[in-house]
Structure formats: structure tokens, C-alpha cells
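J.: The following block contains the structure, expressed as C-alpha cells.
The values are calculated or read from the model by the stated rules, or taken from the named source; none is laboratory data. Computed from a predicted structure; not experimentally measured. Here the Cβ positions follow ideal geometry from the backbone for every residue, glycine too, while neighbour counts run over all protein chains shown. Surface accessibility is based on the protein's heavy atoms, side chains included, excluding ligands, DNA and RNA. Shrake-Rupley method; radii C 1.70, N 1.55, O 1.52, S 1.80 Å.
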Amino acid sequence: MTSPTKLYIYDKSSDIDRSQAAGRFSGDGNVFTIGVDKGIQQLLDAFKQLAKSRAKFDRVLFQTHGSPGTIWFGSEALNKSILRDKFVGFGSLFPHPTRIYFDGCNVASGGPGTDFLLSAGYVFLTSRGGDTFGWTTIGHGLWGHIPLIGGHTLHFGGSNTFKRLRFWAGGEVDFPDSWIPGG
């Protein structure tokens, strides 16, 4: 049996995110799911346990509410400072080029969003690099679980509503190959 290659982290305290998590990857045996309902410390403890068990992933999805430069687990914010202060040292979880997607409204918006994506890459993509990416818009909410499109929020505007940063091994950003809307 192969170990999971995808890591799915969601805000379990959010009715929308919890409902979506119930069917997001049903039938996919390569997904390890973490529902966080007790805040940042619970997420940090989960990462410590994954590192201890030598888990390895090449895809990560954070399904939470967002604001510029921040994702939320209940009322607790995870921002660039907390990433850099508490989550350094987990690069071993991502030994291959890894894609880390922050599916939270506005998380990648403006300078704070770029700083957040930079911090996530600096902290997690130290082994072989990869991408961090997220939305720059609030999006348009949909009621209920929509399995055909996989989300509860739609973002219109194509690449103008999305930001992606590419990283080399060591967590160094590759700006020429990154996508930042408007330059």
C-alpha cells in the first residue's frame, strides 16, 4: 500500500468547510485529511505527528476562510509571522516539488497575500521547491456542496484573480516563473 501523497487540511469549525470536506476527495485513497477545530496549536501538533511518522506529500490543500495574507481556523489566524515562527522545520514532509494551494477567499490579495505565499514557500518548500498559490478575490458563494466543481465559492476573472509563486529547492522564490496578477 502506498502512503498518501496529498494532504488536505480544512477548518472543521466552519460548517461550509466541514460540509465540503465530507466529499472533496471521496474515493481517493491517496489523501490524508486533517480537520482543525481547536486552532493553530492543533495544526502544529498534527504537523509534528506527520513529521514523526515520516509522512511525505507532494500536494497540499488548505480549505479555510481567508483574508489578505491570512487563513483562518475558527477565530485563529494563520499569517506569515506565525508560519515563520512556528512551522519552520517541516520541509521533510515535502521531499518532492510540492504544490500548496490556499483555497480561502482573498488569502493571496495584495502585498500581504504575496508575503503569506512567500512565507509558506520559505517554510515548507525547502527540500525540492514547488508552488504556493491562492485567490486574490473574495469570490461568489454557493449554497451547499457542489461536487461537480469541487468548491463552495467561485472566483471569476481567470488569472487576474489568482496568484502563484514558484520556488527553487531551499525555499528560494523563482520570481521570473511566478504569476502575480498585474506584475
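J.: Go over the candidates 37, 45 one by one and state the one that is without any contact (Cβ under 8 Å) to a residue 40 or more places away in the chain, touching a strand residue (DSSP E or B) at 6+ places or on another chain (Cβ under 8 Å) and among the acidic types (Asp, Glu).
T.: Being without any contact (Cβ under 8 Å) to a residue 40 or more places away in the chain, touching a strand residue (DSSP E or B) at 6+ places or on another chain (Cβ under 8 Å) and among the acidic types (Asp, Glu) holds for just one of 37, 45, which is 37.
J.: How many residues are in contact with a strand residue (DSSP E or B) (Cβ under 8 Å, 6 or more places away or on another chain) and open to solvent by 10 Å² or more (accessible area, probe 1.4 Å) when one looks only at segment 110-121?
T.: Within segment 110-121, residues that are in contact with a strand residue (DSSP E or B) (Cβ under 8 Å, 6 or more places away or on another chain) and open to solvent by 10 Å² or more (accessible area, probe 1.4 Å) number 3.
J.: Considering only segment 13-55, state which residues are basic (Lys, Arg) and open to solvent by 80 Å² or more (accessible area, probe 1.4 Å).
T.: 18, 38, 48, 52, 54
J.: Quick test for you: out of 116, 133, 102, pick the one residue that is in contact (Cβ under 8 Å) with a residue 12 or more places away in the chain and part of a helix (DSSP H, G or I).
T.: Going through 116, 133, 102 in turn, the sole match is 116.
J.: Now, a different point. Can you tell me which residue within segment 87-105, out of those that are within 22 Å of residue 17 (Cβ to Cβ) and open to solvent by 30 Å² or more (accessible area, probe 1.4 Å), is farthest from the chain's Cα centre (by Cα)?
T.: Selected residue: 105.
J.: Determine the pairs where a residue that is more than 21 Å from residue 110 (Cβ to Cβ) and open to solvent by 100 Å² or more (accessible area, probe 1.4 Å), located within segment 165-180, has a partner that is at pLDDT 90 or above and polar (S, T, N, Q) with Cβ atoms under 8 Å apart, the partner being 6 or more residues away or on another chain.
T.: Sorted first by the residue in segment 165-180, then by its partner, the list stays empty.
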